[in-house]
1. Would you mind classifying region 143-280 by shape? Square roots of the alpha carbon gyration tensor eigenvalues, ordered a ≥ b ≥ c; an a/c under 1.5 is rounded, otherwise it is prolate if a/b is larger than b/c and oblate if not.
2. First measure r as the distance between the Cβ atoms of ALA408 and ARG110, then evaluate 1/(1 + (r/R0)^6) with R0 = 45 Å and state the FRET efficiency to the nearest 0.05.
3. What ranking do 77-83, 200-206, 310-316 get when scored by the average of other Cβ atoms within 10 Å per residue, highest first?
4. Using 0.36 nm per residue, how much length does the chain from LEU139 to MET250 gain when fully extended, once their Cα-Cα distance is taken away?
5. Go through region 121-126 residue by residue and turn each phi into a ³J(HN,Hα) via Karplus (6.51, -1.76, 1.60, θ = phi - 60°); whole Hz please, and just put x for glycine and proline.
6. Let me make sure I get this right: for region 193-264, a, b and c are the square roots of the gyration tensor eigenvalues over alpha carbons, sorted descending. Under 1.5 in a/c it's rounded, otherwise prolate if a/b > b/c, else oblate. Which is it?
7. Going down the table (LYS73/LYS355; LYS152/LYS206; LYS206/LYS296; LYS192/LYS244; LYS304/LYS336), which pairs top 27 Å between alpha carbons?
8. Taking N as the number of residues in region 73-176, what is its alpha-carbon radius of gyration divided by 2.2 N^0.38 Å?
Amino acid sequence: PACQLSCSSLNLTSLKGPSRFVRATVNLPAVLRRGAIHHQSLSVERRVKSVCLGAMAQRETVTVSSLHVYPVKSCAGVELQQARVTPTGFLLDRVWMVVMEETGRFVSQRKEPTLALVQPVLPQEVVDAQAGAPLPQGLSLTLTAPGMSPLKVPLEASRDSPRRQCICWEWTGPAADAGDEAAAWLSDYLGKPVRLVRYAGRAGGKGAAQDALRRATDADWAPESETAFADGFPFLLIGEGSLKKLNEGMAEPVPMNRFRPNIVVSGAPGWTEDAWRHLSIGGVAFEAVKPCSRCKETTVDQEKATFGEEPLQTLRTFRTGTQLGWAEAGGLRSWKHEVFFGQNLITPVPEGTVKVGQTVEVATTRDTSTTSEGRALLWQPIPVPPPPAGLALALRGGQTWLLAALGAVLVALLLQRYMT
């Protein structure tokens, strides 16, 4: 249905050129119909559109409908009524990981779907944890699985826990080994030699990329953020409306647990979260930095631990980077055939508590129109700083011979010094 938005004036900041900002005040009223603004004297329609979309989102009551953490990477999740925010995501979200004993590489449902049946159980003290309150000592995570006795894993690794070199996607670093009992339990369950490790980084503050124990997020999208053993970013948000839209095109609907979100929201139409950029929940500020590309793990039935074709088969018909226009606009070739569902979030101030029922306040949005001008405002990596002027001059026009000559001179000088 048509939605009207009336304002007396709008203070607008927009981009003009590659690095200049222009501020203007636009007199309204304006009418927002189906995402387009109409006003007889409004000549900056596209630039105010995202601001007005944000205002429209505020008129719709969008709330948190569920919260989830996944203490052990690729194992079952735990639904919470409230979740404490930390620098790496919600408290205890993906701080443990199963790795191959020989190589240290992480194990996931992509190859071991039965991990979906490993159910972590958090102690009540963690479930009730409030922001800033220390957790009691001696707490344990409990793991259960079909045919296995419950396993207790201490929440905190002891200081003398051995470090094991591990691989989680692009990151290689030391993690704390959870001990032989946990390793034997998981090895027996999976039928192969594996270990359970715990994230050993002390999160918070800058310098995650320089700390071997910490895992920084992709610098192209979130250079000052970090995560533990999540695939890429600290938080994943999905709207119930988007899942409903997806299921409308499928023979059999899939549940939300296929997508392993941290924050599920209700009250917004399908795909609305594609446009969100800055939002807050319960006073905690978040920024959507990158849409989430989906993989084979979404095809695992979380109750049966079996592979299928959906939802990837349906998502490929209308949610690829090419179909959405994001790959072309951002110059992101790798996005052409990737499919997207959900938004990856970071938080600039990692403290506070998010609760079910809290309102999602959208502060700014991206322009999701399908013109080339609009798409260019969507997803683009943070630009890499240009090289120093001298180096850029040397490289311009293919004059790499200058660098080669300088290198040869340096080598000759070093050899001369060594021989004398």
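Each reported figure results from applying straightforward, stated rules to the coordinates on display, with no laboratory input. The shown structure was predicted, so the numbers you read here are calculated from the model rather than taken from an experiment. All Cβ positions, even for glycine, are placed from backbone atoms using ideal geometry, and neighbour counts span all protein chains on display.
1. Judged from the Cα gyration tensor, region 143-280 comes out oblate (a/c at least 1.5, b/c at or above a/b).
2. The calculated FRET efficiency here is 0.40.
3. Going by the mean number of other Cβ atoms within 10 Å, highest first, we get 77-83, 310-316, 200-206.
4. Taking 0.36 nm per residue and subtracting the Cα distance, the gain is 35.6 nm.
5. Going residue by residue, I get 10, 8, x, 4, 4, 6 Hz, with x marking Gly and Pro.
6. In terms of gyration-tensor shape, prolate.
7. Checking Cα-Cα distances, LYS152/LYS206; LYS206/LYS296; LYS192/LYS244; LYS304/LYS336 exceed 27 Å.
8. 1.13
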